[in-house]
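The values are calculated or read from the model by the stated rules, or taken from the named source; none is laboratory data. Since this is a predicted model, take the numbers as computed values, not measurements. Here the Cβ positions follow ideal geometry from the backbone for every residue, glycine too, while neighbour counts run over all protein chains shown. Ligands, DNA and RNA are excluded from the accessible area calculation, which covers all protein heavy atoms including side chains. Shrake-Rupley method; radii C 1.70, N 1.55, O 1.52, S 1.80 Å.
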Amino acid sequence: MTGYADAAAAMDALAAVQPGYRGVDSAREADGMGITVSYWADDDAARAWRDHPDHAAIRDRGRALWYDRYTVTVARVERAYAWARS
């Protein structure tokens, strides 16, 4: 997956400066299977990210080079909890 890590890092950095960005969580297995969840203030902010020209270009590159398939799920988070041993 040559170039994937650099593209992902660039998109993380670009997303972080977009209006309405609230964060991202990502996990990958050794075989490349993974999940990325991005958080946005509202639907307009999420759609603006989807439509950002640099994001669209990397998405097209991903379809051509890296992905066999992917799924996008849009959901509203009503509540979230976290705990960590310190």
- Residue list for region 1-32, filter: open to solvent by less than 70 Å² (accessible area, probe 1.4 Å) and of a type in the set (A, V, I, L, M): Ala7, Ala8, Ala9, Ala10, Met11, Ala13, Leu14, Ala15, Ala16, Val24, Ala27
- Unique residue being surrounded by 14 or more Cβ atoms within 10 Å (Cβ to Cβ) and without any contact (Cβ under 8 Å) to a residue 12 or more places away in the chain when the list is Arg59, Arg69, Arg47: Arg59
